[in-house]
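A short worksheet on the structure shown next.
The values are calculated or read from the model by the stated rules, or taken from the named source; none is laboratory data. Values in this document were obtained by computation on a predicted structure and should not be read as measured data. All Cβ positions, glycine included, derive from the backbone under ideal geometry; neighbour counts span all protein chains shown. Surface areas here come from the heavy atoms of the whole protein model, side chains and all, with no ligands, DNA or RNA. Shrake-Rupley method; radii C 1.70, N 1.55, O 1.52, S 1.80 Å.
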Amino acid sequence: MDKADSSRQVSKWKTLDRGILSVIFRKLNVEDLTMGASGVCISWFLAAHNKSLWNTVDLDKFRQTDKDLRLNELRYRIVFTENFKDSDISETSRSLRNITKFSRSAPVNLVFGCCSSLDDEILMFAAASMPNIEKLVLPRWCYLSKNSFGFAFSKWKNLKTLIVAHDVPLTETFEFQVVGESCNNLTNLKYLGGLGKETAEDIVRYLKNIKRLSLQCAYVSRPGVLLLITGLQNLAILNVSHCKEFDDETVTMDNIVQAATQKRVRFILCSNNCTCRNKPWLEGLTTYGSESWRNDEIKELEF
């Protein structure tokens, strides 16, 4: 009798509708799904490969423990050593390769861990494995060559939204030209880093179709912001909330607001009593990778 009951129970799991399993599996984190549930039985294994589960691949949620979160925050405040970088790159590579066994070419959103490291091999592997990406979130620590940029973004021709944090002292120049040459559908950009006039010139020159631009928590120059407003012909929304400005008196905030008004650009600033004004700028950087950074609270940005 016990054996018969056990047999019936196993049979129920095997015959459970895979659509129902997929709904349940959406509640699991990536690691539990790929390394746990998928190994229970053949039905669960097949359900774990359902394309609907892999619309978004979020490496920021892979093995994200409390310890990991504390470490991520610490990485903003310490010197990045070679050994630390190599270890983190290996972990990112293992996670991505494990995920692609299940996701195949289904993902349209790819999010790298906010403080993870990214090198040429990982970027090119991701592009080759996931060619249909429409939204891409790159990490702060990118060690990339122009060749890897060229290969990756030539695959991501459907890219519409790019979110990137860029630290010039830690990484090489971000290849806006390579991105612009391949991604004609790119209309949404979030850029966290140092935005001087030279970077603004690159954005205007190579990303001509940008409609929504967020510099939230960036380190900006007023001439650079003014150039973005006057130079991007399709610009509709510019978010400069929580930014820190370079010391520059050649362009006033009134000049910027006037230019935005003339171009009918929605210009988003902090209020005079915003809490960010009383915090060190470095604390603002920790918002990168958080829900408020990757999914802006201002709905009109539609990121």
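Points to keep in mind about this one:
- With the highest mean first, a sort of the peptides 127-139, 143-155 on other beta-carbon atoms found within 10 angstrom per residue produces 127-139, 143-155.
- Counting only heavy atoms of the protein chains and using a 1.4 Å probe, Glu91 has close to 60 Å² of accessible surface.
- Its Cα gyration tensor gives the range 14-53 an equivalent ellipsoid, and the semi-axes of that ellipsoid, as √(5λ) in whole Å with the largest first, are 14, 12, 8.
- Hypothetical label at Phe45: residues of the range 94-115 whose amide nitrogen lies under 16 Å (7 Å Cα-Cβ projection): 101-103
- Packing-based ranking of 103-110, 189-196 yields 189-196, 103-110, ordered from highest to lowest mean Cβ neighbour count within 10 Å.
- Computed about its Cα centre, the charge dipole of the range 14-53 is approximately 140 debye, with only Lys, Arg, Asp and Glu carrying charge at their Cβ.
- Relative protection proxy for 179-187, 19-27, 218-226, from highest mean packing down: 218-226, 179-187, 19-27 (other beta-carbon atoms within 10 angstrom).
- Residues of the range 183-225 with amide N under 14 Å of the 7 Å Cα→Cβ point at Gln233: 204-211
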